[in-house]
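The values are calculated or read from the model by the stated rules, or taken from the named source; none is laboratory data. This structure is a prediction, so every number in the text was calculated from the model and none was measured. Note: ideal-geometry Cβ built from the backbone for every residue, glycine included; neighbour counts use all protein chains shown.
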Amino acid sequence: MRGTVVSKTRTGNNDLLAGKNSLVTGSTSGIGLGIARRLAECGANVMVNGLGDHDQVDAAVRAVDDAGPGKVVFSPANMIQPAEINAMVEEAVDTFGAIDILVNNAGIQFVSPIQDFPPEKWDDIIATNLSSSFHTIRAATPHMIAAGWGRIINISSLHALVASPYKAAYVAAKHGVAGLTQVVALELAQQNIPVNSIAPASVESPLVTGQIADTARVRGITEEEVVRDVMLAAQPTKKFVQIDEIAE
Ligand code: NAD
């Protein structure tokens, strides 16, 4: 699917986004897939990125492709690898002619007490959840400045603002995303490139549902207690945020 460009005739429903060229990291699943679909529905061209087996990637690209009239391409760039990130941004520019909207969404999680936290998991989470955003922004910004228009959205987390135990790398990385967002927002404020982050609490996505069993084991409680007393404890609605709410 890499480099495949599909043209369609259906129109989107958001003039601001129609014809814009977007890149959403980590968009083969969950929140990123929801954002990529919504951008496509609004008429944007979308570069989908992420990991996954062939069937998962194929299904995600088709879902984005079917959502709107624009071009949809896939990049398998691994967000742990700076060289692949740079090549992905250049491929987006080569394919679409520009990169107008960058959504940094790729993220992973690992839950462990600090004394047992594997150093390689720390490195992977910092690279994926924080450093990848530095590399995409660094590569995309010159193109946005040259075009005089750009939008950068970093998907951070409630954990950019508060901590939870057993999530040392994730919480550190997301606090870093909050700082990076504010720095770049200041630097690009006069260039017509607003830089924002979205900091959701618990969203019903594979990343969260996949943590329930591990969290239950680490804390010695049931999975029902994890959902009620850990994941939704501070959530006033006592319901998971839905992916479509973030994408909107
Ligand atoms: P998810 O597991 O459903 O999706 C993660 C995406 O990132 C997938 O497409 C995956 O392939 C991709 N990815 C992971 N490692 C990658 C790598 N090395 N290179 C390229 N792609 C990679 O997770 P999600 O819940 O949709 O989370 C998306 C983002 O939202 C993450 O940054 C996460 O921290 C953040 N977030 C999620 C929640 C939540 O409750 N789900 C809450 C706050 C923030």
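Out of Ala178, Ala185, Ala216, Ala199, I need the residue that is out of contact with any Gly (no Cβ under 6 Å at 6 or more places or on another chain) and either surrounded by fewer than 16 Cβ atoms within 10 Å (Cβ to Cβ) or touching a residue at least 40 places away in the same chain (Cβ under 8 Å) (or both). Which one?
It is Ala199.
This table checks each residue for (1) more than 12 Å from the ligand (Cβ to nearest atom); (2) within 29 Å of Leu23 (Cα to Cα).
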{"position": "Ala172", "(1), (2)": "yes, yes"}
{"position": "Gln190", "(1), (2)": "yes, yes"}
{"position": "Asn196", "(1), (2)": "yes, yes"}
{"position": "Pro206", "(1), (2)": "no, yes"}
{"position": "Thr215", "(1), (2)": "yes, no"}
{"position": "Ile221", "(1), (2)": "yes, no"}
{"position": "Met231", "(1), (2)": "no, no"}
{"position": "Ile246", "(1), (2)": "no, yes"}
Counting only residues that are among the acidic types (Asp, Glu) and at pLDDT 95 or above, give me the strands (runs of 3 or more DSSP E) lying completely in the range 72-166 with at least 2 of them. none
Only residues that are of a type in the set (Gly, Ala, Ser) and either more than 6 Å from the ligand (Cβ to nearest atom) or in contact with a His (Cβ under 8 Å, 6 or more places away or on another chain) (or both): list them for the range 28-48, please. Gly34, Ala36, Ala40, Gly43, Ala44
Would a scan of the range 222-236 turn up a residue that is within 21 Å of the chain's Cα centre (by Cα), at pLDDT below 95 and either among the hydroxyl-bearing types (Ser, Thr, Tyr) or assigned to a helix (DSSP H, G or I) (or both)? yes
Candidates Pro113, Pro118 - the one that is more than 15 Å from the ligand (Cβ to nearest atom), free of Cβ contacts under 8 Å to residues at least 24 places away in the same chain, under 20 Å from Ala168 (Cα atoms) and surrounded by fewer than 20 Cβ atoms within 10 Å (Cβ to Cβ): Pro118
It is to be established whether one or more residues within the range 153-162 are surrounded by fewer than 22 Cβ atoms within 10 Å (Cβ to Cβ) and of a type in the set (S, T, N, Q). no
Does Phe74 count as within 16 Å of the ligand (Cβ to nearest atom), touching a helix residue (DSSP H, G or I) at 6+ places or on another chain (Cβ under 7 Å) and of a type in the set (Phe, Trp, Tyr)? yes
Of all residues in the range 50-68, how many are within 13 Å of the ligand (Cβ to nearest atom), assigned to a helix (DSSP H, G or I) and in contact (Cβ under 8 Å) with a residue 24 or more places away in the chain? 6
